[in-house]
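Q: Below is a structure I'd like to ask you about.
The values are calculated or read from the model by the stated rules, or taken from the named source; none is laboratory data. These numbers come from a predicted model, not from an experiment. Because the Cβ atoms are built from the backbone with ideal geometry, glycine has one as well, and the counts that use them run over all protein chains shown.
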Amino acid sequence: MTVTTTKEEQMTATVTEPTTVLLTINGINRLVLVEPRRTLLDLLRHDLALTGTKKVCDMGNCGACTVIVDGLAKYSCLLLAIDCDGSHITTIEGLAKGNNLDPIQQAFIDHDAFQCGFCTSGQIMSLRALLDAQPDPTDEEIELAVTGNLCRCGAYPNIVAAGRRAVDIESNRASVDRDRQGGD
Amino acid sequence: MVTLNVTRKNQEGEVKIEVSELDTISPWSATESFAVVGKSVPRLEGNEKVTGRARYTYDVRLPGQLYARVLRSPHPHARILAIDTSRAEQLNGVRAVLSIANAPAIPWYEKSFIFDRTLRFIGDEVAAVAAETEEIADDAIRLIDVSYEVIPHITDLEEALGTNAPRIWPEGNVAGDPKVYARGDPEAGFRQAEVTIEGIYHTNVALHNSLEPHGCTASWEGDRLTLWSSTQSVFTVRQEIAKALELSENRLRVIKEHMGGGFGAKQISWKQDVIASLLSRESGRPVQLMLDRRAENLAAGNRNGTIQRVRLGALRNGTLTAIAADILQGRGAYATGGEASDVSGMYKTLYRCPNVSTHATNVYINTGPAVAFRAPGHVEAAFALEQAMDELATALDLDPVELRRRNYSEIEQIEGKPYTLPEGLRLCYDRVTEAVDWSTNQKWAPDGSKRRGVGFAAHDWVAGSGHPPGYAWIELLSDGTANVVTGTQDIGTGTRTGLAQVAAEELGLPLDSITLHLGDTGVGPYAPVSSGSATQATMGPAIRSAGRDVRQQLLQVAAVALDIPVERLHVRNGSVWNDQDAQPVATVAEIMQKISPHTLQAKGARSPNPPEQAIRTFGAQFADIEVDIETGEITVLRIVTAHDVGRIINPHIIDSQVVGGVIQGIGFGLTEERILDHRLGRVMNPNLEEYNVPTVADIPRIEHLHVDVADTLANSTGAKGVGEPPLIPTAPAIANAFFNATGVRLRSNPLNRARVLDELAGMKSGSLT
C-alpha cells in the first residue's frame with residue numbers, strides 16, 4: 001500500500017498580519033507586535049523572555065503556565081495574546097519586590113513545596129489568585145485552587161501546607177496592619 | 001588523599017585494565033555528631049525556583065536562536081518511498097531542513113540511523129526543521145511531502161512472538177538473548193513444596209511525563225559546540241554526541257543547570273541532541289529543540305510493559321522452597337542504553353530461597369522505545385512477586401508479614417555476600433508494623449457498598465549503593481568560602497543541597513559558605529549519570545574525600561600562622577579551634593587572608609565499594625484503602641512507609657522525595673496507563689488529558705517513618721540512595737489491600753474502575769458481602 005500525505009496541502013501556511021497589543025505585565029506597560037495565533041504563554045516566553053512561566057502540555061491540562069489575568073488565575077497556553085489586549089497580567093516574575101519574596105514564595109521554600117520546580121510558578125500563581133480573592137480560605141479552597149496544577153514529583157502535601165502557611169503569614173500581616181491603622 | 005591503583009587482569013583471554021581510586025578516609029561513625037549533616041536545611045536553589053529565575057533547558061534564550069520541530073511517522077511501521085522538503089525550505093523564516101534526503105547517516109539505536117528509511121513506531125523521526133519561530137517551524141513541518149509504504153505492524157507482546165508476526169527486525173522480534181538465571185534445583189524445590197501458588201501478572205506501560213520535556217539548545221562557535229540539554233547525565237550526552245558528530249570531547253560542552261524532572265528517561269542522549277546540533281551547524285544559528293507533550297509520550301521513553309508468570313512453592317510453615325518467574329517485557333521498536341529494566345532481580349534476592357529460576361525475554365514491538373523509569377524492573381516485579389507472596393500467605397493461612405519474616409535473607413543470594421546492613425529490611429518491617437498496629441488492624445464490616453482493607457509489600461533495590469568513578473574538586477578561597485565543583489547533576493532530587501551539606505560538614509564551614517557547581521562538562525570533573533538512586537552515595541564520599549584534603553591543608557596553614565601544633569587544631573563552623581578552648585582562635589577567613597592570594601585545593605574521588613559485602617536499600621509499605629464495589633472506585637486512605645536508605649542527610653528533603661515516590665506509585669497502581677489501539681498501532685493518550693497522573697485531590701495521608709541507620713560499611717558517609725525505592729511497593733500494597741477488602745485479586749495494573757468492576761463482576765455478588 002502506498003500513501004501520500006496530502007491532507008494538509010490545503011492548509012497553506014499563510015502568516016496572518018501581526019497585530020499590536022498593549023498589555024500591563026507586572027505593572028509595566030508593554031506594547032508587543034504579535035501574530036494573531038501566538039498564545040499569551042508564547043508571548044511571555046518568547047517576546048518578553050519571561051521564562052518563569054512554563055510550557056508543559058500546551059493544551060490546558062497541567063497548569064504550569066498559570067498567570068493572573070485581570071485578577072483571575074488563567075492557563076496562558078489557552079489564551080491568544082491578541083485577546084488579552086488591555087489586560088493586567090501578573091507572572092511569577094512579578095511577585096517578589098526586589099529581594100522580598102511574596103509570602104507564598106517564602107512558604108514554598110520553608111515547606112519544601114517543590115522538587116524539580118517546573119510546576120512551581122503555576123502552583124504559586126494559582127494560590128496567589130486565590131489569596132487575592134479570598135484572604136481567609138479553607139483548606140478545601142486551598143486544595144481546590146491547585147487541583148488544576150499537576151506536580152509530577154508529588155510535592156502536593158507540601159504545596160497545600162505552604163498554601164496554609166502563606167494564609168497565616170498574610171492574615172498576621174493584615175491584622176498587624178489593622179492594629180496600626182486603628183492606632184493612628 | 002586519593003591513591004590511584006591500576007592493575008592489569010587477564011579475564012578469559014582478554015586483558016582488562018582495572019582502575020580504582022582509594023581514599024582511606026574513615027567513615028563517619030554510626031553515632032557521629034554533625035553540625036550540618038542530618039539537618040533539614042531548605043533547598044539551596046529555592047529562591048531561583050520560587051521566583052521563576054531558575055533557568056531550565058527550555059528557558060535558554062540566545063541571540064539569534066531558532067526553534068526546531070520534528071516531523072514524526074504517522075504509521076507504526078512504514079518505509080519512506082520519497083520525501084520532498086522543497087515547499088518547507090521555501091517558507092519564509094525557515095533556516096534549515098533535515099531528513100534522510102540530506103542528513104549524514106549517523107547510526108543510532110544499535111542498528112538504525114538518526115533519520116532512517118524505515119519507521120518503526122508512530123512518532124519515529126522523519127524530518128526536522130529549524131525556523132525563526134516555533135509557529136513557522138510547525139507550518140514548515142506540514143509542508144513536507146512524504147510517500148510511505150505501509151508495512152504490517154505488531155504492538156502486542158505475546159503476538160509479537162508468534163511465527164507469523166510482522167518482523168520489526170530481520171532477526172525477529174526477540175531483543176537480545178533471553179536473560180536466564182537459575183540456582184539450586186527449582187523443579188526439586190516445587191516437588192518438595194507442600195503448597196504451590198501460580199499466577200500471571202500484567203503490568204502496563206507507564207509514561208514518565210516529566211513536566212519539562214526532553215530537549216536541548218545547540219550552539220556552535222567555530223568548531224566548538226555548546227549543548228544545553230535536559231539530561232540526567234551531562235557526561236553521557238557529551239560522550240554519545242561527540243561520537244555521533246565525530247567531535248572531540250573537549251570541544252563539546254554539555255550544560256544542565258536545572259531540570260524539570262527526568263525519572264530515568266533522561267539518562268541517555270536522544271536523537272534531538274544530534275538533530276539540534278546538525279540544524280545549528282546547518283543554519284549557523286543556535287537552535288532549540290524541545291519535544292512537545294505528544295512527542296515526549298511517544299518517542300522519549302516509557303516503562304516497559306510486562307507479563308510475568310510467577311510460581312512460588314513453600315512448606316506448610318511458610319519456608320520458600322522454590323521461586324520461578326517467566327517474564328516477557330516490551331522493548332518498543334528500539335533498544336536503548338542506560339539502566340537495564342531487570343524485572344528478574346527481586347525474585348532472586350528479596351526472599352531467602354535455595355531454588356530460583358527466572359527467564360526474561362525482551363520483545364520488540366512497534367511502539368516508542370522503553371527506557372528506565374524510576375526503579376526500572378523492580379516496580380514491575382514487585383507488583384507480581386508481592387501479590388504472589390500475599391497469595392501464598394492466604395494459602396498457608398499465615399500473616400503476610402510473618403511469611404516474609406520467615407523467609408528473611410541476610411545475604412545477597414546471587415553472589416552469596418552478606419549485606420552491609422543485614423537488619424535493614426527487618427527494621428523496615430518493624431517500623432511499619434508497629435506504626436500501623438499491623439496484627440490487629442485488619443477486618444472491617446461492610447459499610448453499604450464500601451469495603452475496607454489493608455495491604456503490605458516489601459522491596460529491595462540494587463543500585464542505591466553508589467559506585468565509582470566520581471570526582472569532586474574543592475577550592476577554599478581567600479575569604480574562607482569554598483567552591484565545590486563536580487560534574488554531577490541535580491535532577492530535582494535535592495542533590496545540590498545534600499552534597500553541599502556533606503562539603504560543609506567535612507570542611508567545617510557553615511552551609512552558606514559553600515557554593516556547589518554542577519551540571520556542566522566544561523566546568524566540573526567527571527561524575528556519573530544521576531540514576532539508580534546513586535548520586536548521594538556516589539558523590540557524597542567523593543566530596544568528603546576532597547573536603548578532608550582541603551581541611552588538612554587549612555590546618556597545616558593555621559598551625560604555622562597561629563604557631564600552635566597542628567594536632568591540637570580543628571575546624572568547625574567557619575572557625576579554627578585550639579582543642580578544648582571555649583572560643584575559636586581564628587576564623588577560617590582570617591587564616592586564608594594570611595596566605596592570600598593563595599588558595600587551597602584538592603581533588604576527591606569515590607572509593608570502591610566493599611568487595612566482600614553487598615549493598616542494598618530496603619523498604620516496607622502499608623496501604624489502607626476503601627473500595628466502592630458498586631462504582632469500582634478505590635480510595636487510598638493512608639500509606640505508611642519505611643526505607644533503609646542509610647544515614648539521612650536532610651530529613652525534610654528525604655520526606656519530600658519519599659512522599660513524591662509514593663504518589664508516583666499510587667499513579668502506577670491506580671490510574672496511569674499508556675493505552676494502545678493494537679489495530680492501529682497508535683497510542684491513544686499521549687497527553688496529560690487522558691494519561692492520568694495523580695493530582696492534589698488523589699493524595700491520601702502518607703507517613704514516612706525514618707529508619708536512619710548509618711550504613712557505615714557502604715561508604716564513608718553512610719548514606720544510600722532513596723530516589724527510587726518509595727514507589728516500588730506502593731501498587732502491590734494497594735492490590736493486597738484490595739484483596740483484603742474484597743477477596744478478589746487484581747493481577748493487572750492500573751486498578752482503575754473498569755478493571756475493578758470487570759474483576760468484581762466475575763465474582764458472585766454474594767461472596768463479596
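Q: Considering each of B:Arg496, B:Arg451 in turn, give the residue that is among the basic types (Lys, Arg), under 26 Å from B:Pro729 (Cα atoms) and at pLDDT 95 or above.
A: B:Arg451
Q: How about region A:126-154: which of its residues are over 21 Å from A:Ser175 (Cα atoms) and touching a helix residue (DSSP H, G or I) at 6+ places or on another chain (Cβ under 6 Å)?
A: A:Ser126, A:Glu143, A:Ala145, A:Val146, A:Thr147, A:Asn149, A:Cys153, A:Gly154
Q: Could you look through region B:608-641, keep only residues that are crowded, with 24+ Cβ neighbours inside 10 Å and part of a loop (DSSP other than H, G, I, E, B), and pick out the one that is farthest from the chain's Cα centre (by Cα)?
A: Looking at residues that are crowded, with 24+ Cβ neighbours inside 10 Å and part of a loop (DSSP other than H, G, I, E, B), I get B:Ile615.
Q: Return the residues of region A:36-86 that are polar (S, T, N, Q) and more than 11 Å from chain B (Cβ to nearest Cβ); say none if nothing qualifies.
A: Listed by number, the residues that qualify are A:Thr66, A:Ser76.
Q: Could I ask something else about it? Considering only residues that are out of contact with any Gly (no Cβ under 9 Å at 6 or more places or on another chain) and not β-branched (Val, Ile, Thr), look in region B:207-218 and name the one that is nearest to the other protein chains (Cβ to nearest Cβ).
A: Here the answer is B:Gly215.
Q: Which of the residues belonging to region B:708-754 are part of a helix (DSSP H, G or I), surrounded by fewer than 23 Cβ atoms within 10 Å (Cβ to Cβ) and in contact with a helix residue (DSSP H, G or I) (Cβ under 8 Å, 6 or more places away or on another chain)?
A: The answer is B:Phe739, B:Thr742.
Q: Might you check whether a residue that is more than 21 Å from B:Ile200 (Cα to Cα), among the small types (Gly, Ala, Ser) and either within 27 Å of the chain's Cα centre (by Cα) or crowded, with 24+ Cβ neighbours inside 10 Å (or both) occurs anywhere in region B:306-322?
A: no
Q: In the list B:Ile634, B:Ile702, B:Ile666, which residue meets the criterion of being β-branched (Val, Ile, Thr), closer than 30 Å to B:Ile365 by Cβ and facing another protein chain (nearest Cβ under 9 Å)?
A: B:Ile666
Q: Kindly provide the set of residues from region B:614-634 that are under 23 Å from B:Arg745 (Cβ atoms) and among the aliphatic types (A, V, I, L, M), ordered by number.
A: Across region B:614-634, the qualifying residues are B:Ala620, B:Ala623, B:Ile625, B:Val627, B:Ile629, B:Ile634.
Q: Give me the pairs, please: first residue somewhere in region B:130-144 and closer than 15 Å to B:Ser73 by Cα, second residue anywhere and in a helix (DSSP H, G or I), beta-carbon distance under 8 Å, and either six or more positions apart or on two chains.
A: Every condition considered, the pairs that remain are B:Ile141/B:Ala88; B:Leu143/B:Arg87; B:Leu143/B:Ala88; B:Ile144/B:Arg87; B:Ile144/B:Ala88.
Q: Picking from A:Cys153, A:Cys62, which residue would you name as being farther than 25 Å from A:Arg30 by Cβ, assigned by TED's automatic domain parsing to the domain that holds A:Thr24, hydrophobic (A, V, I, L, M, F, W, C) and in contact with a Gly (Cβ under 9 Å, 6 or more places away or on another chain)?
A: A:Cys62 is the lone residue from the list that is farther than 25 Å from A:Arg30 by Cβ, assigned by TED's automatic domain parsing to the domain that holds A:Thr24, hydrophobic (A, V, I, L, M, F, W, C) and in contact with a Gly (Cβ under 9 Å, 6 or more places away or on another chain).
Q: Give region B:83-133 a look and list any residue that's assigned to a strand (DSSP E or B), over 24 Å from B:Gly368 (Cα atoms) and either in contact with a Leu (Cβ under 7 Å, 6 or more places away or on another chain) or in the same structural domain as B:Pro369 (by TED's automatic domain parsing) (or both), or say none.
A: Answer for region B:83-133, where residues must be assigned to a strand (DSSP E or B), over 24 Å from B:Gly368 (Cα atoms) and either in contact with a Leu (Cβ under 7 Å, 6 or more places away or on another chain) or in the same structural domain as B:Pro369 (by TED's automatic domain parsing) (or both): B:Arg95, B:Ala96, B:Ala131.
Q: Residue by residue through region B:415-451, note down the ones that are surrounded by fewer than 18 Cβ atoms within 10 Å (Cβ to Cβ), touching a residue at least 40 places away in the same chain (Cβ under 8 Å) and either of a type in the set (A, V, I, L, M) or in contact with a helix residue (DSSP H, G or I) (Cβ under 6 Å, 6 or more places away or on another chain) (or both).
A: B:Ala435
Q: Can you say whether A:Asp110 is surrounded by fewer than 24 Cβ atoms within 10 Å (Cβ to Cβ) and within 8 Å of chain B (Cβ to nearest Cβ), as far as the supplied structure shows?
A: It is true that A:Asp110 is surrounded by fewer than 24 Cβ atoms within 10 Å (Cβ to Cβ) and within 8 Å of chain B (Cβ to nearest Cβ).
Q: Now, a different point. Within region B:483-501, which residues are over 22 Å from the mean Cα position of the chain (by Cα) and farther than 15 Å from B:Val523 by Cα?
A: B:Gln501
Q: Just the residues that are surrounded by 16 or more Cβ atoms within 10 Å (Cβ to Cβ), among the aliphatic types (A, V, I, L, M) and farther than 16 Å from B:Thr361 by Cβ, please, taken from region B:155-194.
A: B:Ala193 - this is the single residue of region B:155-194 that is surrounded by 16 or more Cβ atoms within 10 Å (Cβ to Cβ), among the aliphatic types (A, V, I, L, M) and farther than 16 Å from B:Thr361 by Cβ.
Q: So the check is Cβ under 8 Å with 6+ separation or different chains; which pairs have a first residue in region B:399-414 that's under 12 Å from B:Asn317 (Cβ atoms) and a second one that's part of a loop (DSSP other than H, G, I, E, B) and among the charged types (D, E, K, R)?
A: Listed by first residue and then by second, the contacts come to B:Asn407/B:Arg352.
Q: So, of the residues in region A:87-105 that are surrounded by fewer than 22 Cβ atoms within 10 Å (Cβ to Cβ) and facing chain B (nearest Cβ under 8 Å), which turns out to be nearest to A:Val167 (Cα to Cα)?
A: A:Leu101
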